[in-house]
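The values are calculated or read from the model by the stated rules, or taken from the named source; none is laboratory data. Quantities reported herein were computed from a predicted structural model and do not represent experimental measurements. Note that we place each Cβ from the backbone using ideal geometry, even for glycine, and neighbour counts take in every protein chain shown.
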Amino acid sequence: MFRRSLVLAGLVSLTTISASGGEQLKIAVSPAYSFAPSNLRIRVRVPPNSQNRALEVVAESGEFYRSSQVQLEGDHAPATITFEFRSVPSGDYDVYGVLIDSAGQQRAIDRQSVAVISPIGQ
């Protein structure tokens, strides 16, 4: 069962949708498995493009939601942006990044699954 979950998490983390064809947003979350409360470090690779205006990163489970959004200056924005969500409680999380263009439309999305486990005895 654990191996199947690990494979599924790997496949989900490889899912990237790009609205512009060749460009892709890449998200990497660490740790992929941890004990609660956990600090999640999220690194997002953003392809340079003059249409890029914002990047939103979300971590959500059935009982917890946290998000952060940064403004981007098109092709002058940094290629890698780092976020940290502190003290995330236990749960199975869908962590995703959404790249937004100058019209407010979604350009690309990438996601990764993360498990934050309750400590033994709780």
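From the set of residues in region 31-55 that are in a loop (DSSP other than H, G, I, E, B) and of a type in the set (S, T, N, Q), which is surrounded by the fewest Cβ atoms within 10 Å (Cβ to Cβ)?
Going through the qualifying residues, I end up with 50.
May I ask you to say which residue of 114, 88 is surrounded by 12 or more Cβ atoms within 10 Å (Cβ to Cβ), in contact (Cβ under 8 Å) with a residue 60 or more places away in the chain and either touching a Leu at 6+ places or on another chain (Cβ under 9 Å) or not hydroxyl-bearing (Ser, Thr, Tyr) (or both)?
Numbers: 88 fails: in contact (Cβ under 8 Å) with a residue 60 or more places away in the chain.
114 is the lone residue from the list that is surrounded by 12 or more Cβ atoms within 10 Å (Cβ to Cβ), in contact (Cβ under 8 Å) with a residue 60 or more places away in the chain and either touching a Leu at 6+ places or on another chain (Cβ under 9 Å) or not hydroxyl-bearing (Ser, Thr, Tyr) (or both).
Checking the condition among the small types (Gly, Ala, Ser), touching a Phe, Trp or Tyr at 6+ places or on another chain (Cβ under 9 Å) and over 19 Å from residue 35 (Cβ atoms), which residue from 113, 68, 102 passes? It would help to see each step written out before you state the result.
Values: 113 fails: over 19 Å from residue 35 (Cβ atoms); 102 fails: touching a Phe, Trp or Tyr at 6+ places or on another chain (Cβ under 9 Å).
Sole residue among the options that is among the small types (Gly, Ala, Ser), touching a Phe, Trp or Tyr at 6+ places or on another chain (Cβ under 9 Å) and over 19 Å from residue 35 (Cβ atoms): 68.
Any residue in region 26-43 that is more than 11 Å from the chain's Cα centre (by Cα) and modelled with pLDDT under 95? Please lay out each step first, then the result.
Let us first name the residues in region 26-43 that are more than 11 Å from the chain's Cα centre (by Cα), namely 31-39.
Now narrow it down to the ones that are modelled with pLDDT under 95: none.
No.
Here are the criteria: (1) surrounded by fewer than 18 Cβ atoms within 10 Å (Cβ to Cβ); (2) touching a residue at least 40 places away in the same chain (Cβ under 8 Å). Tell me which single one residue 71 does not satisfy.
Every listed condition holds for residue 71 apart from (2).
Quick check on region 56-71: of everything there that is among the aliphatic types (A, V, I, L, M) and touching a Lys or Arg at 6+ places or on another chain (Cβ under 8 Å), which residue is nearest to residue 45 (Cα to Cα)?
For region 56-71, the residue satisfying everything is 58.
Please state which of the following conditions residue 54 fails to meet, knowing it meets all the rest: (1) under 18 Å from residue 112 (Cβ atoms); (2) among the aliphatic types (A, V, I, L, M); (3) modelled with pLDDT of 95 or more.
(1)
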